[in-house]
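Data block below; observations after.
Quick note: the coordinates plus some simple rules give every number you see, no bench work behind them. Just so you know, these numbers come straight off a predicted model, no measurement behind them. Neighbour counts run over all protein chains shown; Cβ positions are idealised from the backbone, glycine included.
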Amino acid sequence: MNNSSASVPGATGASYALIAVRASLVFIILCGIIYPLATTGIAQLIMPHNANGSLIKDSSGNVIGSELIGQKFEDPKYFQGRVSSIDYNAAGSGSNNYAPSNPDMLQRTQDSIEAWKKLNPDVPVSKLPIALITNSGSGLDPHITPASAEVQIPRISKLTGLLTADLEKLVDKHTESRDLGVFGEPRVNVLKLNLALQALIK
């Protein structure tokens, strides 16, 4: 009767182990060293800004934020971003997966509406974009919709003395279009917009 089990002539358990060790070393070097170094090098060569975190710096070269991570702006004379249940802490990306009927969700939304009414008495709640009182999936969204920026203009105009028309032009200038003209929605980076606003205030 023929033996159906396959084997390598002369192979032993020790030789199989040696083959496994060699293969592991090859893949560790290839996937753990060569590939990361190659992709990092290519990224630094063709898109260094993106590879280094899309950092935004001030005129002195100090890092003040990233294009990819939202920030909280306490001063009402600046544009406000979306609600963040994690207070824009990038170390803990995510948000509570509340249902619309969840009591905590309803309370947070009501609190956001009341805060809006207090800071924006000239703009009725009916014109408040829902994006300004809802949390993004990551809690780190750096963008708002153009409508969410425009609806804040009356408050900012009153607090800064800037003309409404000038603020409208500012929002329009910083509105990013859909990626490749197809993907996503028009959006405004809040940090970039506020930096431009700060320059106008000065």
So if R0 is 45 Å, what FRET efficiency would Ser126 and Leu45 give, r being the distance between their Cβ atoms, rounded to the nearest 0.05?
0.30
For the chain, with a Gaussian network of springs between Cα atoms less than 10 Å apart, report the residue from Glu150, Glu67, Glu185 with the top mean-square fluctuation.
Glu185
By count of other Cβ within 10 Å, fewest leading, how are Arg22, Arg108, Arg82 ordered?
Arg22, Arg108, Arg82
What percent does the relative contact order of the chain come to when contacts are Cα pairs within less than 8 Å and at least six residues apart?
19
Spacing of the two label points (7 Å from each Cα toward its C-beta) at Lys117 and Val26, in nm:
7.0
I'd like the distance between the alpha-carbon centres of the stretch 80-95 and the stretch 102-171, rounded to an integer number of Å.
16
Among Ser95, Ser66, Ser15, residue whose mean-square fluctuation peaks in a GNM of the chain (springs only between Cα atoms under 10 Å)
Ser15
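Please tell me which of these pairs span more than 28 angstrom C-alpha to C-alpha: Lys57/Lys127; Lys57/Lys118; Lys57/Lys202?
Lys57/Lys127; Lys57/Lys118
What is the sum of charges, Lys and Arg at +1 and Asp and Glu at -1, for the other residues whose Cβ falls under 11 Å from the Cβ of Pro129?
Neighbour charge sum, excluding Pro129 itself: +1.
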Projected onto the charge dipole of the stretch 55-201 (+1 at Lys/Arg Cβ, -1 at Asp/Glu Cβ, origin at the Cα centre), which of Leu162, Val83, Ala147 gives the Cα projection farthest towards the positive end?
Leu162
Would you calculate a helix-derived [θ] at 222 nm for the chain, using -39,500 (n - 2.57) for each DSSP H run of n ≥ 4 and dividing by the full residue count, to the nearest 500?
-12500 deg cm²/dmol
In a Gaussian network model over the chain where Cα atoms closer than 10 Å are linked, find which of Leu167, Leu18, Leu180 has the largest mean-square fluctuation.
Leu18
